[in-house]
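Read-outs: derived from the displayed coordinates by stated rules, not from any lab. Being a predicted model, the structure only gives us computed values, none of them experimental. Cβ sites come from the backbone with ideal geometry, for glycine too, and all protein chains shown count toward neighbours.
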Amino acid sequence: MGFPSPAQDYVQRPLCLNQLFNVNGNTLLIETSSGWAVIDKSKRPDPGIVLLVNVDGYNQFARWMGDALITEEGEAIEGESLDGVTVIGPVIALISAVGRDDDCPVM
């Protein structure tokens, strides 16, 4: 029988999104064109934060500003137009993918 290796103190486990963001039944990981978005459906949306919303059957990101939702394109959804909007949840993290585009290599 030997003794435990001191190197065991420095062994690192691979990064796991489930552990980093406490992924559970209330958390969604959505793949986007630039990486991943982490959505927590259990958190209450606060004004000024980015939300994942469903508008006319399409998911998109929008910022809640006052009585309106401002989409990524700068369009405002307000008034009666909000009747067709379903808020899925606030975005708690955006994870950018690296190395997807060969025109912009990363070192």
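Table: residues versus (1) in contact with a strand residue (DSSP E or B) (Cβ under 8 Å, 6 or more places away or on another chain); (2) more than 27 Å from V98 (Cβ to Cβ).
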site	(1), (2)
Q12	no, no
F21	yes, no
D40	yes, no
G48	yes, yes
L52	yes, no
D56	no, yes
Q60	yes, no
I70	yes, yes
Checklist outcome for this item: Within region 79-100, the count of residues that are free of Cβ contacts under 8 Å to residues at least 40 places away in the same chain, exposed (fewer than 13 other Cβ atoms within 10 Å of the Cβ) and in a strand (DSSP E or B) comes to 1
Checklist entry - Which pairs do you get when a residue that is of a type in the set (A, V, I, L, M), found in region 1-29, comes within reach of a residue that is in a loop (DSSP other than H, G, I, E, B), reach meaning Cβ atoms under 7 angstrom, with the pair 6+ apart or on two chains? => result L17/V23; L28/K41; L29/V23
Item to check | From the options L17, L69, L52, residue that is touching a Phe, Trp or Tyr at 6+ places or on another chain (Cβ under 9 Å), surrounded by 15 or more Cβ atoms within 10 Å (Cβ to Cβ), on the phi < 0 side of the Ramachandran plot and not acidic (D, E) | outcome: L52
Checklist entry - If the Cβ limit is 9 Å and pairs must be 6+ apart or interchain, which residue in region 48-71 that is without any contact (Cβ under 8 Å) to a residue 24 or more places away in the chain pairs with which residue that is among the β-branched types (V, I, T) and part of a loop (DSSP other than H, G, I, E, B)? => result R63/I49; W64/I49
